[in-house]
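Some notes on the structure that comes next.
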Amino acid sequence: MENKVIMMGLGYIGLPTAALIAQKGTKVHGVDVNPKVVETINRGEIHIVEPELAEIVKEAVEKNALIADTQPVSGNTYLIVVPTPFKGKNEPDISFVEAATNAIIPLLKEDDLYIIESTSPIGTTEKMRDLIYTLRPELENKLFMAYCPERVLPGNVMFELVNNDRVIGGVDEASTNKAVDFYASYVSGTLHKTNARTAEMCKLVENSSRDVQIAFANELSLICDKAEINVWELIELANKHPRVNILQPGSGVGGHCIAVDPYFIVSDYPMESKIIGAAREINNYKSFWCAEKVQVAKLKFELEHGRKAKIALMGLAFKPNIDDLRESPAKYIAQKVLQNTNNEEYFIVEPNIEEHNVYKLSDYEDAYASADIVAFLVAHNEFKTLEYDKSKVILDFAGVFKSHVA
Ligand code: SAJ
């Protein structure tokens, strides 16, 4: 029988994956709770920003290989690619995974393959297996179930979906093997077999590892600020050691993955995850510290010059050269600084977006030329074309000039 994939969730990962599978010749029925998203995709258009995605979706929809809908239909392979947000104080909320699973439970039949890709707390796949078999006891041990985390970097999704290695963990060996066969149809990276719990943990650990490493760099930046050492130079020199590879400090850690996933471990294993929890605190504190630095610079300027400073806040995105402002430390810093305005003049800059619903955006060159205090919150490429101007107070949090912060 021809394989048919039911993709539950058509967001940043679900839609590119659905389009890619459809492009490779498998029929995909994509499901999203948002009717607007469904309409957009069925017109052959996309609702997210991702290079190369638009053409692939258009082609897949025109060929009838990809159909979007608000409801699932019967298929052979079910992929759960929905968000796992927080509830309460940093506790993962798997209700979307549960809802998507509940929606397909009536459709399941013998030999179907069920895969979760959503970032999930450890034990989620087993929990969903138990839920499915409680409601469909006649299918017990007749389904294949696995967890396979996505690992793609926004902005490079279409390449990484195909080329990255994947970690695939079934609830039993037969499930792992069946899931490996499925991914082999469109992934050219190596497919690594494990069990479901290890695969779930692997995703959380990858992002936690990066968060811990960035926290180390951010902690160094705080120490160096007090010790009057240029942290950028220090890290470059330390990295000349063959076994040292320190990441870059910044204005904090943002995005919906690295700043989020470590909490999935910390909330379930609070006593054990000391470094992982501390890294989250350090990275969050770094953003607070940057906002305080701007405040201090502003007051100092006023005392020294007897007038209000003009201040440029350079960048709002969560990392360089993207237009994504969600969970952005730069946005947090801007909000915090602007809460304490006292008739100073501000220039808010984000060259990757046209307009913002709250802030009036300024051109980056104009803002830089006009400001007395310039705080680099993100190291966008445009900013690196500016020339270091000694007459200004430059708070180089993002390493644009790799200069000492104040
Ligand atoms: N950052 C630093 N210093 C650095 C590197 C990054 O401060 O040296 C900051 C960035 O500015 C940003 C944050 O960290 O605020 C995260 O950016 P990122 O580029 O490191 O990662 P994301 O969130 O875009 O994507 C990550 C990736 N995970 C890893 O690299 C381990 C990606 O492969 C995952 O698929 C993605 O999370 C996800 O979906 O989980």
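When all alpha-carbon pairs of the chain are counted, what percent fall beyond 31 Å?
Working: 37709 of 82215 pairs.
Percent of Cα pairs beyond 31 Å in the chain: 46.
Taking 25 Å as R0, compute the FRET efficiency from the Cβ-Cβ separation of Asp389 and Gln213 and round it to 0.05. Rounded to the nearest 0.05, the efficiency is 0.20.
Which whole-number percent of Cα pairs in segment 289-406 have a distance greater than 20 Å? Summing the P(r) of segment 289-406 above 20 Å gives 34 percent of all pairs. Each Lys and Arg contributes +1 and each Asp and Glu -1, all at the Cβ; summed about the Cα centre of the chain, the dipole is approximately 600 debye.
The modelled label-to-label distance between Asn90 and Asn163, using points 7 Å beyond Cα along the C-beta direction, is 3.5 nm.
Work out the FRET efficiency for Thr134 and Asp172 from their Cβ-Cβ distance, taking R0 = 25 Å, and round it to the nearest 0.05. Could the numbers behind the result be given before it?
On the way: r = 18 Å, r/R0 = 0.71.
Efficiency for this residue pair is about 0.90.
Can you give me the C-alpha center-to-center distance between segment 7-45 and segment 72-120, rounded to a whole angstrom? Each part reduced to its Cα centre gives a spacing of 15 Å.
Between amide H atoms placed 1.01 Å from N, distances below 5 Å from Leu395 occur with Val374, Ala375, Phe376, all of them 5 or more places distant or on a separate chain.
Label sites at Val358 and Gln71, each approximated as a point 7 angstrom past Cα along Cα to Cβ, lie 4.0 nm apart.
Hey, which of these cross-link pairs are over 25 Å Cα-Cα: Lys89/Lys298; Lys286/Lys319; Lys63/Lys142?
Numbers: Lys89/Lys298 34 Å; Lys286/Lys319 15 Å; Lys63/Lys142 33 Å.
Among Lys89/Lys298; Lys286/Lys319; Lys63/Lys142, the Cα-Cα distance tops 25 Å for Lys89/Lys298; Lys63/Lys142.
Where both partners of a DSSP beta bridge lie in the chain, what percent of those bridges are antiparallel, to the nearest 5? The partial results should precede the final answer.
Values: 4 of 43 bridges.
So the antiparallel bridges amount to about 10 percent of the total.
Of all alpha-carbon pairs in segment 347-406, indicate the percentage at a distance above 18 angstrom. Summing the P(r) of segment 347-406 above 18 Å gives 29 percent of all pairs.
Amide H contacts of Tyr346: Ile311, each under 5 Å away and 5 or more positions distant or on a separate chain (H built 1.01 Å from N in the peptide plane; Pro and chain starts excluded).
The calculated 222 nm mean residue ellipticity attributable to helices in the chain amounts to -13000 deg cm²/dmol, summing -39500 (n - 2.57) over DSSP H runs of n ≥ 4 and dividing by all residues.
The distance from the alpha carbon centre of segment 184-252 to that of segment 300-373 is 28 Å, rounded to a whole number. Rg/Rh for segment 10-134 stands at 0.98; both radii use Cα atoms, and Rh follows the Kirkwood definition.
Fewest to most neighbouring Cβ within 10 Å: what's the order for Arg136, Arg326?
Numbers: Arg136 15, Arg326 10.
In increasing order of surrounding Cβ atoms, one gets Arg326, Arg136.
Rg and Dmax of segment 132-279, based on Cα coordinates, read 19.8, 69 Å.
For the chain, calculate the relative contact order in percent as a whole number, restricting contacts to Cα pairs under 8 Å that are 6 or more residues apart.
Details: 802 pairs, mean separation 43.1, N = 406.
So the answer I get is 11 percent.
Compared with the alpha-carbon gap, the fully stretched path from Asn343 to Ala369 is longer by 7.4 nm at 0.36 nm per residue.
Any read-out appearing in this document is the output of simple, stated calculations on the displayed coordinates, not a laboratory observation. As the structure is a computational prediction, the values presented were derived from the model and not from experiment. Backbone-built Cβ (ideal geometry, glycine too); neighbour counts: all protein chains shown.
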